[in-house]
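Let me begin by presenting the structure, written as structure tokens, before commenting on it.
The values are calculated or read from the model by the stated rules, or taken from the named source; none is laboratory data. For clarity, every value in this text was computed on a predicted model and none was experimentally measured. Heads up, the Cβs are rebuilt from the backbone with ideal geometry, glycines too, and the neighbour counts pull from every protein chain shown. Heads up: the accessible areas ignore ligands, DNA and RNA and are worked out on the full protein's heavy atoms, side chains in. Shrake-Rupley method; radii C 1.70, N 1.55, O 1.52, S 1.80 Å.
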Amino acid sequence: MKEKVYALLEEVNKKIVQYEGENMLEDEIVESMEIMDIVVKLEEELGIEIGPEYIVPEYFMTKDTIVKMVEDVRKEQ
Amino acid sequence: MDVKNSIIRYLEETAEKFPDKAAFCDEEREMTFRELREEAQKIGMGLIRQKIFAKPVVVYLEKSVACLSCFMGIAYSGNYYTPVDVSMPAARVNKIMETLHPAYIVTDEKNREKAGEFAADIPVLLYEKLLQEKPDEEKLSQTVSRVLDTDLLYVLFTSGSTGVPKGVTISHRAVIDFALAVNERFDITEKEKFANQGPFYFDLSVLDIYCPIISGATTYIVPPEYFKFPIKLLQYIADKQINALYWVPSALVVVANLRALRAVDVSCLKKIMFCGEVMPNKQLNVWRKHVPNAMYVNMYGPTETTCASTYYVVDREFEDTDSLPIGVPFENTGILLLKEDGTEAGEGEAGEICIKGTSLSAGYFHAPERTREAFVQNPLQENFQEMIYKTGDLAKYNEYGELIYLSRKDFQIKHMGHRIELGEIEAAIGSLDDISECCVLYDEEKHKITACIADEVTEEYIADGIRELVPDYMQPNRYIFLKEMPHNLNGKIDRTKLKEML
């Protein structure tokens, strides 16, 4: 699943997957429209519904926190 | 007779009327109208002591209430301001400085060193030091009296097709008449609480700044990072009991698409206005469903006519595929829809939107050629001089007599609300070594800027190279490398073919 999420993130913005730091929001790797693109893509491709409560900074720090978000959404559903 | 020559007269009037009411707020502080006037007077005094009048002054600060004190302080001194954001790439700041030749740069301790890098020959004034000035009321009043309403209040820089940003000059009169028209049309009073989204170097913010200064309303400067996380953004709106917005549609689209309106009650919102790009009906309908009691207003207007020139109050239902009108002009504005032959377009016919009225810019700063191309004599007026601004936007009238935006005539785009000349990005990429030819295209549906290159270089090489040349919002979202660039018979890049190839 992790690889699938990475691949989807790469489609939105390669830099997200390449990013090695701890907070890609502070480092301005992603912009607001891209966060929307990520959510829409994950929902469409993984068949999940990501509630607005998951779209918070803590889940968008690195590629792996996005993977964690997907896992948490799946647990909930 | 109550004619005011300067925006400062309105600030003084509002500060008398509502001294202890919050004017502008950021995360650090709430600044009342009295404090705004006091800070502005100190900054104005500092500039008057430098013996400059009717000169450009750059404000180089992070987005904060301090910017407002500086803008008003510069206006107090009879000079005009240009906001330059500290996150702007150095090369772009340098181009702005070269065009503007500012008399001074106002910055703070934190950004002093950075400001010095661009402007070795331009003297720097520190905000903190200016606040130690002792205002001389009489001198300030004399200075403000010297200002004509046609004198400049600010110069905002927009993207230019040749790679050099254009400085749009705007007078006190242009701003005053625009803000008065908006306040009257939409009943903006001291009760309004705006949530500001537009950066101060972007004309969208003009409404958030000047409608409150004239009416006594309050503007909250929303931390920019909140726009990435709709829940936080809506919680902020609910906490502050914000009742008015003037945002780019992209910001409203993100909130609608991420279903945040289901999670937070923002029924406090009563006036939702938007401008800067096309608002999709699908997302507008989501907003209307969740916040049904708000008034929704679609506005249209280029930086060259101050902020917005037309408005449409949403008064009926729209399907996803319908066109949302941009409406009718504000009271101080006239719209001409001109066909190629210079005659007016009839109902249903496409024509270029040309704008006249008191909110028109005085032209581009230090660019007479560019000014002459865009600001021309009204071809329908043979008897006296009447300037119109040719927007390059095509529109038509619908059966209700409302304007419907159609498209651009050229390669200018609207991306995240910012007006961008694709040529400026092409010029930036073209300036890098080893680039012989490139073409930048825009996908309006996906909101993506695509750069096409036919040279043996890497994406990283270009992205790193142009990072210092163009702002973040102008960076391509994707790069396509081709073996060969398609050309038409004239030897120009065939953009249509290139679009098909993608």
At 4 °C in a medium of viscosity 1.567 mPa s, region A:2-76 has a Stokes-Einstein diffusion coefficient, with Rh taken as the Kirkwood radius over alpha carbon pairs, in µm² per second, of 107 µm²/s
With a 1.4 Å probe and ligands and nucleic acids left out, the total accessible area lost when B pairs with A, in Å² to the nearest 100, equals 1900 Å²
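For B:Val278, what charge total do you get from the other residues with a beta carbon under 10 Å from its beta carbon, if Lys and Arg give +1 and Asp and Glu give -1? Could the numbers behind the result be given before it?
Numbers: positive: B:Lys414; negative: B:Glu277, B:Glu444.
Around B:Val278, the charge tally is -1.
Quick check: at a probe of 1.4 Å, how many percent of the accessible area of the protein assembly as shown sits on carbon and sulfur atoms?
After summing per-atom areas, the C and S share lands at 47 percent.
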Other residues with Cβ under 13 Å from the Cβ of A:Gly21 give, with Lys and Arg +1 and Asp and Glu -1, a net charge of -4
Averaged per residue, the 1.4 Å probe accessible area of the protein assembly as shown, protein heavy atoms only, in Å², is roughly 43 Å²
Ordered by number, the residues of region B:258-273 that have at least 50 Å² less accessible area in the complete protein assembly than on their own chain alone (1.4 Å probe) are B:Leu258, B:Arg259
In Å³ per residue, the alpha-carbon convex hull of region B:333-408 encloses 104 Å³
CD proxy, 222 nm, the protein assembly as shown: helix-only mean residue ellipticity via -39,500 (n - 2.57) per DSSP H run with n ≥ 4, per residue, nearest 500, stands at -10500 deg cm²/dmol
Per the charge dipole of region B:111-191 (beta-carbon charges, Lys/Arg positive, Asp/Glu negative, Cα centre), the residue among B:Ser159, B:Phe118, B:Leu140 reaching farthest to the positive end is B:Ser159
Sorted by chain and number, the residues with a modelled amide H under 5 Å from that of B:Gly163, at a separation of 5 or more or across chains, are B:Glu424
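Classify region B:412-501 as rounded, prolate or oblate from the Cα gyration tensor: take a ≥ b ≥ c as the square roots of its eigenvalues, call it rounded if a/c is under 1.5, otherwise prolate when a/b beats b/c and oblate if not.
Details: a/c = 1.68, a/b = 1.13, b/c = 1.50.
Since a/c reaches 1.5 but b/c is at least a/b, the shape of region B:412-501 is classed as oblate.
Looking at chain B, what % of its DSSP beta bridges pair antiparallel, to the nearest 5? Mind dumping the intermediate values first?
On the way: 47 of 81 bridges.
Of the beta bridges lying entirely in chain B, close to 60 percent run antiparallel.
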For region B:412-501, whose charge dipole is built from +1 on Lys and Arg Cβ atoms and -1 on Asp and Glu Cβ atoms, the candidate among B:Cys452, B:Tyr473, B:Ile413 with its Cα farthest towards the positive end is B:Ile413
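D for the protein assembly as shown, whole µm²/s, Stokes-Einstein with Kirkwood Rh over alpha-carbon pairs at 4 °C and 1.567 mPa s: what number?
Values: Rh = 25.0 Å.
Rounded, D is 52 µm²/s.
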Expected sort for A:8-18, B:314-324, B:264-274 on mean C-beta neighbours within 10 Å, highest first, is B:264-274, A:8-18, B:314-324
Applied in sequence order to region B:319-324, the curve 6.51 cos²θ - 1.76 cosθ + 1.60 (Karplus, θ = phi - 60°) yields integer Hz couplings, x standing for Gly and Pro, of 6, 3, 8, 5, 9, 7
Given B:402-414, B:53-65, B:91-103, the highest-first ranking by average Cβ count within 10 Å works out to B:53-65, B:91-103, B:402-414
Toy charge model, Lys and Arg Cβ at +1, Asp and Glu Cβ at -1: the protein assembly as shown dipole around Cα centroid in debye, rounded to 20, equals 1060 debye
Taking every alpha carbon pair in chain B and sorting the distances into 10 angstrom bins from 0 up to the bin holding the longest one, the percent per bin comes out as 4, 19, 29, 28, 16, 4, 0
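What order do you get for B:383-394, B:368-379 when each peptide is scored by the mean count of other beta carbon atoms within 10 Å, highest first? Write down the numbers at each step before the final one.
Working: B:383-394: 16.0, B:368-379: 14.2.
Ranked by mean Cβ neighbours within 10 Å, highest first: B:383-394, B:368-379.
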Non-local residues with an amide H under 5 Å from the amide H of B:Met273, with H modelled 1.01 Å from N and Pro and chain starts lacking one, are B:Leu245, B:Tyr246, B:Trp247, B:Val297
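Can you compute the charge dipole magnitude of chain B about its Cα centre, using +1 on each Lys and Arg Cβ and -1 on each Asp and Glu Cβ, nothing else charged? Give it in debye, rounded to the nearest 20. Don't jump to the answer; show the numbers that get you there.
Numbers: 56 positive and 78 negative charges, 164 e Å.
That gives a dipole near 780 debye.
Rounded to the nearest 0.05, what FRET efficiency do B:Lys448 and B:Glu184 give with R0 = 51 Å and r taken as the Cβ-Cβ distance? Could you check? Each step should come with its number before you reach the end.
On the way: r = 40 Å, r/R0 = 0.78.
After rounding to 0.05, the efficiency reads 0.80.
Which net charge results for the neighbourhood of B:Tyr389, defined as the other residues with beta-carbon distances under 10 angstrom from its beta-carbon, given Lys and Arg at +1 and Asp and Glu at -1?
On the way: positive: B:Lys356, B:Lys390; negative: B:Glu304.
Within the 10 Å Cβ shell, the charges total +1.
How many percent of the alpha carbon pairs in region B:257-395 exceed a separation of 20 Å? Working shown, then result.
Working: 5263 of 9591 pairs.
Distances greater than 20 Å cover 55 percent of the Cα pairs.
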Region A:2-76: relative contact order from alpha carbon pairs under 8 Å, six or more residues apart, as a whole percent, is 35 percent
Output field shielding_mean for A:50-57 (other chain Cβ, 10 Å radius) holds 6
Using alpha carbon centers only, region B:401-460 is separated from region B:29-97 by a whole-angstrom value of 32 Å
Test assert for region B:240-254: residues whose accessible surface shrinks by at least 40 Å² between chain alone and all chains, 1.4 Å probe, equal B:Val254
Reduced to Cα centres, the span from chain A to region B:267-321 in Å works out to 30 Å
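Would you tell me the mean number of C-beta atoms belonging to other protein chains that fall within 10 Å of each C-beta in A:31-43, as a whole number?
Working: counts 9, 15, 13, 3, 6, 10, 6, 0, 4, 2, 0, 0, 0.
Mean inter-chain Cβ contacts per residue within 10 Å come to 5.
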